[in-house]
1. If you scan the stretch 1-36, which residues turn out to be open to solvent by less than 90 Å² (accessible area, probe 1.4 Å), without any contact (Cβ under 8 Å) to a residue 60 or more places away in the chain and hydrophobic (A, V, I, L, M, F, W, C)?
2. Is there any pair linking a residue in the stretch 152-180 that is within 14 Å of Glu139 (Cα to Cα) to one that is among the acidic types (Asp, Glu), with Cβ under 7 Å and at least six apart or on different chains, and which?
3. If Asp133 satisfies every condition in (1) over 18 Å from Gly13 (Cβ atoms); (2) surrounded by fewer than 18 Cβ atoms within 10 Å (Cβ to Cβ) but one, which is the exception?
4. Got at least one residue in the stretch 162-177 being loosely packed, with under 13 Cβ neighbours inside 10 Å and under 17 Å from Tyr80 (Cβ atoms)?
5. Pick from the stretch 65-87 the residues that are β-branched (Val, Ile, Thr) and crowded, with 23+ Cβ neighbours inside 10 Å: which of them is farthest from Tyr27 (Cα to Cα)?
6. Exactly one of these conditions fails for His229: (1) over 23 Å from Gly33 (Cα atoms); (2) surrounded by 14 or more Cβ atoms within 10 Å (Cβ to Cβ). Give me its number.
7. Taking the condition at negative phi and surrounded by fewer than 13 Cβ atoms within 10 Å (Cβ to Cβ), does Glu139 pass?
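The values are calculated or read from the model by the stated rules, or taken from the named source; none is laboratory data. Note that this is a predicted model, so its numbers are computed, not measured. All Cβ positions, even for glycine, are placed from backbone atoms using ideal geometry, and neighbour counts span all protein chains on display. Note: accessible area is taken over every heavy atom of the protein model, side chains too, but ligands, DNA and RNA are not part of it. Shrake-Rupley method; radii C 1.70, N 1.55, O 1.52, S 1.80 Å.
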Amino acid sequence: MDKNEILRRIQNGLIVSCQALDTEPLYSSFIMGRMALAASQGGAVGIRANTPPDIKEIRKIVNLPIIGLYKAEYKDSKVYITPTMKEIDALVEAGPEIIAMDATNRPRPNNQTLEEFFSEVKAKYPNQIFMADTSCYEEGVRAKELGFDLVGTTMCGYTEYTKEMEFPNYDLMKRYVDTLDMPIIAEGGIWTPEQLKAALDTGVWSAVIGTAITRPKDITERFVSYIEHN
């Protein structure tokens, strides 16, 4: 599929994030594959997945566009979503249609700026589709200028300078839609069908839901917390 076909397939729909870290109960590429299959059968238009093994497993059984990322921690940086070329290379080999990376205003490992990093990435993989995970408007503007293909609100509330913001951040979604003239992906804090509808009503290209669908531990804790405090 070319870029336009991939983007068309995910337009106006729900992308389900199927991720589990090694500290979580569902950590398993096999389980993430089955989770993605369930999401596909439920009507998802795409899957967001972490690590090459999970992506490869999901690809075996799900025929949907995949937004791939690779979480890795480095001592000298707070950036952990696809932070270096090592993770980019591994993702390209795994073959997701779209690769997502942190595009916040924070230094990457080895004190590399996003501009430096992404210019190297684009030079090495000029035909790959890239999504910018941002936390605020200025980061979205910069991502477009750098040549990202999609911009997401993924990191809103997760950087030091946005942690006081409420999310889903519909205002940021709408501002991106009104000014950037590119596919915008709503992501972060969407828990209900009503919130999903409100996000799509801002005019975003599509929306991602993860925890509310694919993390039963967090879902259980949310219900338990409610009955304990009400």
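1. Leu21, Ile31, Met32, Ala36
2. Gly152/Asp133; Gly152/Glu187; Thr153/Glu187; Thr154/Asp133; Thr154/Glu187; Met155/Asp102; Met155/Asp133
3. Here Asp133 clears every test but (2).
4. Yes, the stretch 162-177 contains a residue that is loosely packed, with under 13 Cβ neighbours inside 10 Å and under 17 Å from Tyr80 (Cβ atoms).
5. Restricting attention to the stretch 65-87, the residues satisfying the condition of being β-branched (Val, Ile, Thr) are 66-67, 79, 81-82, 84.
With the extra rule that they be crowded, with 23+ Cβ neighbours inside 10 Å, the set shrinks to 66-67, 79, 82.
On the way: Ile66: 19, Ile67: 19, Val79: 22, Thr82: 19 Å.
That would be Val79.
6. Result: His229 fails condition (2) only.
7. Working: at negative phi: yes; surrounded by fewer than 13 Cβ atoms within 10 Å (Cβ to Cβ): no.
No.
So that you can scan it fast, the table gives a plain yes or no per residue for (1) open to solvent by 30 Å² or more (accessible area, probe 1.4 Å); (2) at pLDDT below 95; (3) within 17 Å of the chain's Cα centre (by Cα); (4) polar (S, T, N, Q):
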| residue | (1), (2), (3), (4) |
| --- | --- |
| Asp181 | yes, no, no, no |
| Gly188 | no, no, yes, no |
| Val208 | no, no, yes, no |
| Ile213 | yes, no, yes, no |
